[in-house]
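*Asks:* Pasting a structure below so you can have a look.
The values are calculated or read from the model by the stated rules, or taken from the named source; none is laboratory data. Remember, it's a predicted structure, so these values are computed and weren't measured experimentally. With ligands, DNA and RNA removed, areas are computed over all heavy atoms of the protein, side chains included. Shrake-Rupley method; radii C 1.70, N 1.55, O 1.52, S 1.80 Å.
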Amino acid sequence: QVQLVESGGGLVQPGGSLRLSCAASGSIFSITAMYWYRQAPGKQRELVATITSGGSTNYADSVKGRFTISRDNAKDTVYLQMNNLKPADAAVYYCRVVAGPYNYWGQGTQVTVSS
């Protein structure tokens, strides 16, 4: 059974940084794209960042220049480095992994940005 385990969320002051991790465990093969999403209270879940199997990345306009997505294929892990955090970045962050015909989601990790 495949599980995605997220970590790295927490409370940070505006302007601070956090690094989220999402590690896949279990029998997961042929991971292609890996994603980070976020959902703030009362809002729809939004796509934050994407990284393909070839390492190409894409970002939401609201995080460009501040967030960096990366992956370690040997560890089946995707990361999200978040710098210069703003109160508007506060949300539950979810990772998603596509492997063949399958779609997996993490359980979410809370990011709070407040002074």
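*Asks:* Report the residue, chosen from Arg38, Arg66, Arg96, that carries the largest GNM mean-square fluctuation when the chain is represented by alpha-carbon nodes joined by springs under 10 Å.
*Replies:* Result: Arg66 has the largest fluctuation of those listed.
*Asks:* To continue, here is another question. Calculate one ³J(HN,Hα) per residue across region 29-36 by plugging θ = phi - 60° into the Karplus curve 6.51 cos²θ - 1.76 cosθ + 1.60, and present them in order as whole Hz with x for glycine and proline.
*Replies:* 3J(HN,Hα) across region 29-36, in whole Hz: 10, 6, 5, 9, 8, 10, 9, 10.
*Asks:* Okay, next question. Which residue, Ala88, Ala49, Ala23, tops the fluctuation ranking in a GNM of the chain built on C-alpha contacts under 10 Å?
*Replies:* Among Ala88, Ala49, Ala23, the largest mean-square fluctuation in the Gaussian network model of the chain belongs to Ala88.
*Asks:* So which aspartates and glutamates can Lys75 reach, going by Cα to Cα under 20 Å and dropping same-chain residues fewer than 8 places off?
*Replies:* Within the straight-line limit of under 20 Å, Lys75 reaches these aspartates and glutamates: Glu6.
*Asks:* Further question on the same structure: Calculate, in nm to one decimal, what Ser30 and Leu11 gain on full extension: separation in residues at 0.36 nm each, minus their alpha carbon distance.
*Replies:* 3.4 nm
*Asks:* Relative contact order for the chain: what is it in percent, counting Cα pairs under 8 Å that are at least 6 residues apart? Before the final figure, lay out the partial values.
*Replies:* Numbers: 283 pairs, mean separation 42.2, N = 115.
Contact order relative to length: 37 percent.
*Asks:* Okay, moving on. Under 20 Å Cα-Cα from Lys43, which aspartates and glutamates qualify once same-chain neighbours fewer than 8 residues away are excluded?
*Replies:* By straight Cα distance, Lys43 reaches Asp61, Asp89.
*Asks:* Just subtract the alpha-carbon distance of Ala88 and Thr68 from 0.36 nm times their residue separation and send over the number in nm, one decimal. Before the final figure, lay out the partial values.
*Replies:* On the way: separation 20, 0.36 × 20 = 7.20 nm, distance 1.71 nm.
Between Ala88 and Thr68, full extension yields 5.5 nm more.
*Asks:* Just to confirm, what accessible area per residue do you get for the chain at 1.4 Å probe, in whole Å²? Don't skip to the end; give the middle numbers.
*Replies:* Numbers: 6090 Å² over 115 residues.
On a per-residue basis, 53 Å².
*Asks:* Taking the chain as a Gaussian network, Cα atoms linked when under 10 Å apart, which of Asp61, Asp89, Asp76 shows the biggest mean-square fluctuation?
*Replies:* Result for the chain, Cα springs under 10 Å: Asp61 fluctuates most.
*Asks:* State the antiparallel share, in %, of DSSP beta bridges confined to the chain, rounding to the nearest 5.
*Replies:* Values: 39 of 42 bridges.
Percent antiparallel among DSSP bridges in the chain is about 95.
*Asks:* Right, another one. Which value, in nm² and rounded to one decimal, describes the direction-averaged projected area of the C-alpha convex hull of the chain?
*Replies:* 6.8 nm²
*Asks:* Tell me the carbon and sulfur percent of the accessible area for region 1-103, rounded to whole percent, probe radius 1.4 Å.
*Replies:* Numbers: 2580 of 5440 Å².
Ligands and nucleic acids excluded, carbon and sulfur give 47 percent.
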